[in-house]
């Protein structure tokens, strides 16, 4: 009886540890992480997020509400990207990124900062429509954001993988998507994510909340993304 109990207890502990590992190792110093993709949840999906020869300029934005009495320094943006092909090639080897505020249906609001750069990649071990990797870009220099008083300010963040070189055969088929998170497992300050504020933009569809594309509240509620940086106040 005692050995059976110990075996069951050990099994439970392994399960707990498997679901309580914390944010991705690339989220360091971790300022915010929305939570993991859950491959077993039927509401877990991924949104097209790429600048490729297949789908040019498909950009997804996740949002956080920064309280009015806080200021942060954002040093990096990370998205949980699903690579739909059997490779993790980016060509050029990097991503574009943006930070915006005032986004709404039909308007991209105001660009606070933008850029492009090389990335760090790390496999999460999860699969959905593709193999998922944490993809992080560093912001150089870091971007300081303020809640601005009152309830605070919502900021939207984008990271878009690219494969645009026509001489590279991989770019003729490579596709990338960013995961959602339905249960926010392993989140860090996940409460900061503004629910139902995932936006999509491309040259044909200008600034639409993805909830308008027929997704339910669980599917379009939260994006699996994060920020590195520090709290200034």
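Relative contact order (percent) for the chain, with alpha-carbon contacts under 8 angstrom and 6 or more residues of separation?
Taking the mean separation of contacting Cα pairs over the length of the chain, I get 38 percent.
Please give the Cα centre distance for segment 126-186 versus segment 89-120, rounded to the nearest Å.
When both Cα centres are located, 9 Å separates them.
Quick one: compute the contact order of segment 70-172, relative version, from alpha carbon pairs under 8 angstrom and 6+ residues apart, as a percent. Don't jump to the answer; show the numbers that get you there.
Working: 201 pairs, mean separation 42.7, N = 103.
Averaging sequence separation for qualifying contacts and normalising by length gives 41 percent for segment 70-172.
With springs connecting C-alpha atoms under 10 Å apart, model the chain as a Gaussian network and identify which of 215, 200, 188 has the largest mean-square fluctuation.
Result: 215 has the largest fluctuation of those listed.
Largest first and in whole Å, what are the equivalent-ellipsoid semi-axes of segment 164-214 based on the Cα gyration tensor, each being the root of 5 times an eigenvalue?
They are 29, 18, 9 Å, listed from largest to smallest.
What ranking of 135, 54 emerges when the number of other C-beta atoms within 10 Å of each C-beta is taken as an exposure proxy, fewest first?
54, 135
Shape call for the chain from the C-alpha gyration tensor, a ≥ b ≥ c root eigenvalues: rounded (a/c under 1.5), prolate (a/b greater than b/c) or oblate? Could you put the intermediate results ahead of the total?
Working: a/c = 1.65, a/b = 1.21, b/c = 1.36.
Taking the square roots of the gyration eigenvalues as a ≥ b ≥ c, the chain is oblate.
Only counting other Cβ atoms within 10 Å, I'd like 91, 59 sorted with the fewest neighbours first.
Working: 91 16, 59 22.
Lowest count first: 91, 59.
Ranked by Cβ crowding within 10 angstrom, fewest neighbours first, how are 207, 97 ordered?
If I rank by nearby Cβ atoms, fewest first, I get 207, 97.
Kindly provide the pair-distance distribution of segment 76-194 built from C-alpha pairs, with 10 Å bins from 0 and whole-percent values in order of increasing distance.
Bins of 10 Å from zero give 12, 37, 36, 14, 2, 0 percent of pairs.
Bear in mind that the values in this text are calculations on the coordinates, not laboratory data. Since we're looking at a predicted model, the values are computed, not measured. Don't worry about glycine lacking a Cβ; one is built from the backbone with ideal geometry, like all the others, and counts go over all protein chains shown.
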